[in-house]
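Everything on this sheet refers to the single structure shown next.
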Amino acid sequence: MEKDMDLVVRHLGELEALAEEVLSDKQQIVDLDRTRNGNREAIRSLMNKEQQNKSSQSKSWVCFGEMFVKLPGESAKAILKQDQVKLNSEIDRLRKDLKPKVAKLRDMEGRKEAKGFDLTALSKDELKAVDTR
């Protein structure tokens, strides 16, 4: 009887740890997405500022963490675009890693596998092959 209780407690502990991991990954995706959207807004704002000034020599204040730095518009855009690439790859990695975790969690809970959530988007080449226009 005591072995059964230990087995149940260990299973529930593993289940709780995995659920916490899934929730943490989801929250991290949301936080990174907010940062990505802020960067997108900043890049767009810098582009609009350049168009209004008709010069790429203007400088802009950019916030890095808790520090503000005045940079030329082109440098600021380049840094923000590099940050966008890193954010996109991190979000993609988290999303890719999240699918097996959720499947394992559902399996541990004794629920059926969620159908249709393991789909991936078609690449440009695959989309061109399917397009019959």
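The values are calculated or read from the model by the stated rules, or taken from the named source; none is laboratory data. Computed from a predicted structure; not experimentally measured. Cβ: placed from backbone, ideal geometry, glycine included. Neighbour counts: every protein chain shown. These accessible areas exclude ligands, DNA and RNA; they are computed on the full protein's heavy atoms, side chains included. Shrake-Rupley method; radii C 1.70, N 1.55, O 1.52, S 1.80 Å.
Among residues of segment 60-73 that are closer than 17 Å to residue 40 by Cβ, those with a Cβ under 9 angstrom from a residue that is among the aromatic types (Phe, Trp, Tyr) and assigned to a strand (DSSP E or B), sequence gap 6+ or separate chain, pair up as 62/68.
Using the structure shown, decide if residue 115 is outside any helix (DSSP H, G or I), open to solvent by 50 Å² or more (accessible area, probe 1.4 Å) and either of a type in the set (S, T, N, Q) or at pLDDT below 95 (or both). Please lay out each step first, then the result.
Working: outside any helix (DSSP H, G or I): yes; open to solvent by 50 Å² or more (accessible area, probe 1.4 Å): yes; either of a type in the set (S, T, N, Q) or at pLDDT below 95 (or both): yes.
Considered against the rule, which asks whether it is outside any helix (DSSP H, G or I), open to solvent by 50 Å² or more (accessible area, probe 1.4 Å) and either of a type in the set (S, T, N, Q) or at pLDDT below 95 (or both), residue 115 comes out as yes.
Screening the candidates 89, 60, 56, 75 for the property of being modelled with pLDDT of 90 or more and among the hydroxyl-bearing types (Ser, Thr, Tyr) yields one hit, 89.
Could you tell me whether residue 85 is exposed (fewer than 12 other Cβ atoms within 10 Å of the Cβ) and either in contact (Cβ under 8 Å) with a residue 40 or more places away in the chain or closer than 19 Å to residue 31 by Cα (or both)? Answer is yes for this residue. Just one residue in the set 94, 98, 80 is farther than 21 Å from residue 15 by Cα, modelled with pLDDT of 90 or more and either open to solvent by less than 60 Å² (accessible area, probe 1.4 Å) or of a type in the set (Phe, Trp, Tyr) (or both); that residue is 80. Pairs needed: first member in segment 1-27, open to solvent by 80 Å² or more (accessible area, probe 1.4 Å); second member anywhere, among the charged types (D, E, K, R); C-beta distance under 8 Å; at least 6 residues apart or different chains. That search, which allows pairs on different chains as well, returns 21/101. As an exercise: evaluate residue 57 against (1) open to solvent by 100 Å² or more (accessible area, probe 1.4 Å); (2) touching a helix residue (DSSP H, G or I) at 6+ places or on another chain (Cβ under 9 Å); (3) closer than 30 Å to residue 113 by Cα and give the number of the one condition it does not meet. The failed condition is (3).
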